[in-house]
1. For a quick check of your reading of the model, give me the residue pairs whose first member lies in the stretch 75-89 and is over 15 Å from LEU24 (Cβ atoms), whose second is open to solvent by 80 Å² or more (accessible area, probe 1.4 Å) and part of a loop (DSSP other than H, G, I, E, B), with beta-carbon atoms closer than 9 Å and at least 6 apart or on different chains.
2. Could you grab me the full set of residues in the stretch 84-102 that are open to solvent by less than 50 Å² (accessible area, probe 1.4 Å) and farther than 23 Å from LEU155 by Cβ?
3. Those residues that are under 18 Å from the mean Cα position of the chain (by Cα) and open to solvent by less than 50 Å² (accessible area, probe 1.4 Å), I need them from the stretch 182-196; list them, please.
4. Being among the acidic types (Asp, Glu) and within 13 Å of the ligand (Cβ to nearest atom) is the requirement here; does GLU124 meet it?
5. Report, by residue number, each residue of the stretch 22-34 that is of a type outside the set (D, E, K, R) and either open to solvent by 40 Å² or more (accessible area, probe 1.4 Å) or not in a helix (DSSP H, G or I) (or both).
6. Show the residue pairs that are 6+ apart or on different chains and have beta-carbon atoms under 6 Å apart, the first residue being within the stretch 4-32 and aromatic (Phe, Trp, Tyr), the second being part of a helix (DSSP H, G or I).
7. Say whether the condition of being surrounded by 21 or more Cβ atoms within 10 Å (Cβ to Cβ) and outside any helix (DSSP H, G or I) is met by at least one residue in the stretch 71-80.
8. Of the conditions (1) closer than 20 Å to ALA74 by Cβ; (2) away from the ligand (no atom under 12 Å from the Cβ); (3) not in a helix (DSSP H, G or I), VAL97 satisfies every one except a single condition; which number is it?
Amino acid sequence: MSNIAHDYIEDYIRGLIKKPEGYLGEILDYAIKNDVPIIHPEVAQYLRVLIKSHNVKKILEVGTAIGYSSSVMAEAAGADCSITTIERDDNMYSLAVENIKKQGLEKRINIIKGDAMEVLEKIEGEYDLIFLDAAKGHYDHFLPLCLKHLKINGLLISDNVLFRGMIASNELLIRRKITIVKRMRKYLEHISNMSELETVVLPIGDGIAMSTKIMEV
Ligand SMILES: C[S@@+](CC[C@H](N)C(=O)[O-])C[C@H]1O[C@@H](n2cnc3c(N)ncnc32)[C@H](O)[C@@H]1O
């Protein structure tokens, strides 16, 4: 239960989405079995639709984990796409490298090992889409660096922004998560009020925010 949508709605929507086949399906099974936090099926499907409808080719991801979402995006964006994804955890990074290689996606996906704050400072270039899916309490810190790398009319997708319902309702709040919740609320207010962005929060998965950059920051 995500506490974002009613279970019956979530189950129904998920029932409409095809389960990934082949090795991508194996990565998904591994993630579920080993509690690796990956994107929810409806978020994966949403990314596929966005990427295909906007002809997205250049993608930056913050938070690779074992390479599931980057593989989903690489499949959707096609052979001529280029994805840069950042992961700081040694174990996750190694698994992601192996998973990307086993799917033959190494030409499309470049995994950079390191802390996103440092890597985002160093990398160059502008991206069509940035997928922010790392430490939830630090989205506001990542934001200026992400926006620097986002082209005008590009998309910033921030995942887990409704965090199991806790962001919208104090009744669901778990005390030890209060710092993350406060920071996420601040982040959502920030991206919703920036004149350089147009933002919508969508109650799918664990909640996503979709922003487009309408002018230079
Ligand atoms: C939710 S998981 C990413 C899931 C992945 N996007 C997917 O759906 O397949 C978040 C990942 O971000 C990584 N992470 C958290 N903070 C980070 C940081 N500051 N720099 C780089 N990676 C970070 C964590 O180690 C974790 O593997």
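The values are calculated or read from the model by the stated rules, or taken from the named source; none is laboratory data. Treat the numbers as computed from the prediction; the structure is a model and nothing was measured. We place every Cβ from the backbone using ideal geometry, glycine too, and count neighbours over all the protein chains shown. All accessible areas refer to the heavy atoms of the entire protein, side chains included, with ligands and DNA or RNA removed. Shrake-Rupley method; radii C 1.70, N 1.55, O 1.52, S 1.80 Å.
1. Within 9 Å, the pairs are ALA79/LYS107; SER82/LYS107.
2. Residues of the stretch 84-102 open to solvent by less than 50 Å² (accessible area, probe 1.4 Å): 84-87, 92, 95-96, 99-100.
Within the stretch 84-102, MET92, LEU95, ASN99 meet the criteria.
3. Passing the criteria: MET184, TYR187, LEU188, ILE191.
4. Details: among the acidic types (Asp, Glu): yes; within 13 Å of the ligand (Cβ to nearest atom): no.
The answer is no for GLU124.
5. Our first condition is that a residue be of a type outside the set (D, E, K, R); within the stretch 22-34, this holds for 22-25, 27-28, 30-32, 34.
GLY22, TYR23, TYR30, ILE32, ASN34, listed by residue number.
6. Cβ pairs passing all conditions: TYR23/LYS102.
7. First, the residues of the stretch 71-80 that are surrounded by 21 or more Cβ atoms within 10 Å (Cβ to Cβ): 71-74, 77.
Those still in the list that are outside any helix (DSSP H, G or I) too: none.
No: zero hits.
8. Condition not satisfied by VAL97: (3).
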